[in-house]
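All remarks here apply to the structure that follows.
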């Protein structure tokens, strides 16, 4: 692999198929059965395509290392623990988060098919990459979907001075209409995702006031020093309970309803090679259990048109639908390839070297 | 009623039972059957007790007027439209929101009892007062609960310049433990509730930057001029999709899944005497469908202890659990009565006059 030229400063664009093939080879080589490697590849590629740079290629090396080191169980026995017609609790057996999550969302979808709505909780899983993957599986079946997950502790309770919460994201997706694409909101319940802080750091910009604390728990706007975050809408000055409350709700739905660990009981991925013990929640709602799908589709299109017709604020170009920037990114990346930061390309090359497999041409 | 002395500037405290009795009499006199009057009374009193001043006594006069003027149907035929074992769509027949909401949450609870989880959507309802009422009905049955509702349009999409969204609140509640009281997060998906803006106005304080717009859609910090609000975390400077996305999710869950009106299709209560056509969503999850209740209770207590042990930020007293301020308010009000602002007392007296019933002594 040493013959490949060193990465340059301009972002490389890699065709989506080539990147997916590379993931496939890498995760198979790292120990996953082929169908599970394909699942993890699909899940990372979804983030690459949608422009969620922190949750695609940037995760591949770490995932593969954990597969080889035992932090991710490559042959998990995903076991049902408690079940009713509409609910299920699973033990993920320390499997790869995308494998466990895809299976669990599939079970929630199956339950919604039977009784209109299904909720599956999971204990003892691992990082499951970009949340949007799972509700989008429901969307593909004509259902609305929701997921939540615990994460390692980096977020500070409102009025507190210790990181006892995770970024604890929530994602909700609804099927699109006859013309408009699905609605997707994929959000940490912290004021920003850790990935967003990384963007400020790489760009050398100061963080907005009220976002972050340094290692000594002093408020900071220096992205390089930022280590802990406030909840959404809940800095010390305003003390809103909103983001804090949603954040705690994620711990309760994902961890307390699965018997798994809540975020404060987890370690950061950077701090341990052991299984992360993530806990997740997945829900699905069959659209046609509520309204005729064609009526839903027509009204969804009308709703999107209504928002698109909103006059823009001074200086703004136009109003987008939540999730729309990600669909536009996907159009661009499917046509022109996936732009990867040089440090990410270098990391993928290092992974290829470690696994002794070829890297993709780019 | 004219012999009763005029209200003074210091807030009166009215015993909770006396206030509930007054509501009961007033709503019965305004046309509700006694059991429905008792339901509306209980729903308003919950807000009074929990310190949600905008959603208790302050609503009573307007509710009663709508009952008399036909905006609220006092004899609704709440009809099932579509049903599966885990889901149900109801037509609220323009009934009082608290009556429709209490019935609908009861159906979600019954479905969760059968299949572990239940979701009920409602079209053609009215304002249902404080959201927390409905998930707390689930909590009383050993379940987690969630509700969402559309409202009139007052919130501006991120990067937009027209109020095409409602404050679209979400409430989630979980049962407490052996020692700790239930978790409740009851939040608008706007940066603040309209009621919070009213508090700034009454106190003569400037709003935080980035909250509000005046009638001409110019940003304002003048609470008296504020007419429209930004979504949670989504002012023009930061452009976060988070609050905006949650807000749209409420429209989709409550209105598109019920066939009802979304917020932009509604009128403000101040603008019309007609039925408001509110749409709601209610979900319940049986705790014991997921984990043994005693295990849940022990872990819930442990979780609350963990947050209570968080060191406070400089200048802060201690870290509270989301919902805890409301429980503390309820303790105070049950013991010492409910403090009512003089303008609210005057409004209740006017209501008593209109209905020709005695007002409570205070």
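The values are calculated or read from the model by the stated rules, or taken from the named source; none is laboratory data. It should be emphasised that the depicted structure is a prediction, and the values quoted were computed from it without experimental measurement. Glycine gets a Cβ as well: all are built from the backbone with ideal geometry, and neighbour counts include every protein chain shown.
Counting only residues that are outside any helix (DSSP H, G or I) and crowded, with 23+ Cβ neighbours inside 10 Å, how many does the range B:21-56 have? Residues meeting the conditions: 3.
Per-residue answers, yes or no, for (1) in the same structural domain as residue A:137 (by TED's automatic domain parsing); (2) under 23 Å from the mean Cα position of the chain (by Cα); (3) closer than 22 Å to residue A:52 by Cα:
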| residue | (1), (2), (3) |
| --- | --- |
| A:258 | yes, yes, no |
| A:270 | yes, yes, yes |
| A:275 | yes, yes, no |
| A:321 | no, yes, yes |
| A:324 | no, yes, yes |
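Residue count for the range B:152-167 under the criterion of being in a strand (DSSP E or B) and within 9 Å of chain A (Cβ to nearest Cβ): the result is 2. Would you say residue A:314 is under 30 Å from residue A:18 (Cα atoms), modelled with pLDDT under 95 and within 8 Å of chain B (Cβ to nearest Cβ)? In short, no. Looking only at residues of the range A:260-286 that are surrounded by fewer than 24 Cβ atoms within 10 Å (Cβ to Cβ) and touching a helix residue (DSSP H, G or I) at 6+ places or on another chain (Cβ under 7 Å), we find that the one that is farthest from the other protein chains (Cβ to nearest Cβ) is A:273.
So that you can scan it fast, the table gives a plain yes or no per residue for (1) in contact with a strand residue (DSSP E or B) (Cβ under 6 Å, 6 or more places away or on another chain); (2) touching a residue at least 24 places away in the same chain (Cβ under 8 Å):
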{"site": "B:255", "(1), (2)": "yes, yes"}
{"site": "B:258", "(1), (2)": "yes, yes"}
{"site": "B:273", "(1), (2)": "no, yes"}
{"site": "B:306", "(1), (2)": "no, no"}
{"site": "B:330", "(1), (2)": "no, yes"}
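Which ones in the range A:57-75 are buried (at least 21 other Cβ atoms within 10 Å of the Cβ) and over 17 Å from the mean Cα position of the chain (by Cα)? A:64, A:66, A:67, A:72, A:73 - these are the residues of the range A:57-75 that are buried (at least 21 other Cβ atoms within 10 Å of the Cβ) and over 17 Å from the mean Cα position of the chain (by Cα).
Residue-wise test of (1) out of contact with any strand residue (DSSP E or B) (no Cβ under 7 Å at 6 or more places or on another chain); (2) farther than 23 Å from residue A:247 by Cα; (3) modelled with pLDDT of 95 or more.
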| site | (1), (2), (3) |
| --- | --- |
| B:159 | no, yes, no |
| B:165 | no, yes, yes |
| B:171 | no, no, yes |
| B:177 | yes, no, yes |
| B:184 | no, no, yes |
| B:188 | yes, no, no |
| B:192 | no, no, no |
| B:199 | yes, yes, no |
| B:202 | yes, yes, no |
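Report whether or not residue B:28 is closer than 23 Å to residue B:346 by Cβ and at pLDDT below 95. Answer is no for this residue.
In summary, residue A:102 fulfils each of the numbered conditions (1) in a helix (DSSP H, G or I); (2) in contact with a helix residue (DSSP H, G or I) (Cβ under 8 Å, 6 or more places away or on another chain); (3) touching a residue at least 60 places away in the same chain (Cβ under 8 Å); (4) crowded, with 24+ Cβ neighbours inside 10 Å with the single exception of condition (4). For the range B:168-184, residues that are within 11 Å of chain A (Cβ to nearest Cβ), touching a residue at least 40 places away in the same chain (Cβ under 8 Å) and more than 22 Å from residue B:208 (Cα to Cα) total 9. Tell me, please, whether a residue that is out of contact with any strand residue (DSSP E or B) (no Cβ under 8 Å at 6 or more places or on another chain), within 7 Å of chain A (Cβ to nearest Cβ), within 30 Å of residue A:143 (Cα to Cα) and buried (at least 17 other Cβ atoms within 10 Å of the Cβ) can be found in the range B:236-246. No.
Might you check whether a residue that is facing another protein chain (nearest Cβ under 7 Å), closer than 23 Å to residue A:136 by Cβ, touching a helix residue (DSSP H, G or I) at 6+ places or on another chain (Cβ under 6 Å) and buried (at least 23 other Cβ atoms within 10 Å of the Cβ) occurs anywhere in the range A:322-329?
The answer is yes, given that some residue of the range A:322-329 is facing another protein chain (nearest Cβ under 7 Å), closer than 23 Å to residue A:136 by Cβ, touching a helix residue (DSSP H, G or I) at 6+ places or on another chain (Cβ under 6 Å) and buried (at least 23 other Cβ atoms within 10 Å of the Cβ).
Inside the range B:111-151, residues that are more than 14 Å from chain A (Cβ to nearest Cβ) and either part of a loop (DSSP other than H, G, I, E, B) or over 23 Å from residue B:274 (Cβ atoms) (or both) make up a count of 12.
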